[in-house]
Amino acid sequence: MLKAIKPKMSVVAAFLAVPVIWYIFSVFVPLAAALFYSFFEWKGGPDKTFTGIANYVKLIHDGTFWQAFGHNIFIVVVCIVGQVGIAFILVLMVNSRLTRLKGMHRTFGFFPSTISAVYIGLIWTMIFDYKRGIINYILIQTGHKDLTQVWLNNPALVLPFVSIPLVWQFIGYYMVILLSAIAAVDNEIFEVAELDGANAFQRAIYIVLPLIKNMLMVCITLCVAGNMKVFDHIYTMTEGGPGTASMVMALYGYKVSFEQSNMGYGSTISVAIFVVSLIVIQGSRKLVEFSMRNKGVE
């Protein structure tokens, strides 16, 4: 009988050392550096002046930052409903006994998430284009030329429109995660529920949701974390415009740091993004858990 191989702790530590060191170097060192520089007035050169918490006081009264924070919250809500919500519905459809070519659906659903965010932004910018965009083309061809407009230049519409590419790109990503969670559930549970007369909606709410609740929380956490630092799509499509109508926190930090050469205040914004993102992530998790408990999902 073969004995289980138990490597020495020194061997385990040696194997873990490289990823741990890399993680510390790539995550904690930049964060510590940003925290350090946030206490200085620094233009990026060799000279910097210690200002204490002046940058944080300025941040509290910075209307543009809080406007950008509100935009991030809007995008987070849209993407939780659009990315995770639509992914959940599509997973139920793909997982149905009536669905054929399930592998093809998974492949094509996941494909958009493999494309660079910059390319996605360029593609959707062309879709929204005033002269050559497909939206205005359809409106003209259907006799609604009076409804055509420069979609990304409308302050009232720009934020929902820049959210659409984010939703479209990552639905398949969450589909794959949720499909893997449902695949681990015994099919007999669904068959028994169907025989007992449970319809599709009841099976989804009272059987599927409780069984994949933990994985759903992972998806929501990933969704919130990803959209609290969204940058690429919006920079490519609008650069935060018109004015600051689509400005988000990461883009504002970039503009302050590199376009205004205010690295000290830019570091303060980076620290603030980290802090408020943690708060929103924890708040969203508690809110979802409370909602599930009220609906009887344990």
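Just so it is clear, none of the values below were taken in a lab; they were calculated from the coordinates. Just so we're clear, the structure is a prediction, and the values are computed from it rather than from any experiment. Quick reminder, even Gly has a Cβ in these numbers, built from the backbone with ideal geometry, and neighbours come from all protein chains shown.
Listed values, structure above:
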item: The stretch 74-199, dipole about Cα centre (Lys/Arg Cβ +1, Asp/Glu Cβ -1), debye to the nearest 20; result: 600
item: Global geometry of the stretch 59-294, whether rounded, prolate or oblate, following the gyration tensor of its Cα atoms and the 1.5 cut on a/c; result: oblate
item: Total charge dipole magnitude, the stretch 59-294, about the Cα centre, Cβ charges on Lys, Arg, Asp, Glu only, Debye to nearest 20; result: 160
item: Long-range Cα-Cα pairs in the stretch 1-125 (distance over 23 Å), rounded percent; result: 69
item: Selected from ASP232, ASP62, ASP186 as most flexible by GNM, with the chain as the system and alpha-carbon contacts under 10 Å; result: ASP186
item: Lysine pair count for the chain [Cα-Cα under 19 Å; pairs on different chains or 8 or more apart]; result: 9
item: Max mean-square fluctuation residue, GNM over the chain, Cα-Cα springs under 10 Å, options ASN136, ASN214, ASN187; result: ASN187
item: Environment charge at GLN260 (Cβ cut-off 15 Å; Lys +1, Arg +1, Asp -1, Glu -1); result: -1
item: Packing-based ranking, highest mean first, of 114-121, 165-172 given that Cβ atoms within 10 Å are counted; result: 165-172, 114-121
item: Within-10-Å neighbourhood charge of LEU179 [Cβ basis; K, R +1; D, E -1]; result: +2
item: Ranked packing of 54-61, 20-27, 156-163, most packed first, by mean Cβ within 10 Å; result: 156-163, 54-61, 20-27
item: Other-chain or far-sequence residues with amide H under 5 Å of SER246's (modelled H); result: GLY241
item: For the stretch 225-285 and the stretch 1-77, distance of Cα centres in Å; result: 15
item: Cβ-derived FRET efficiency at R0 45 Å, VAL29 paired with LYS8, nearest 0.05; result: 0.95
item: Distance in nm between pseudo-label sites at PHE290 and PHE258 (7 Å out along the Cβ direction from Cα); result: 3.9
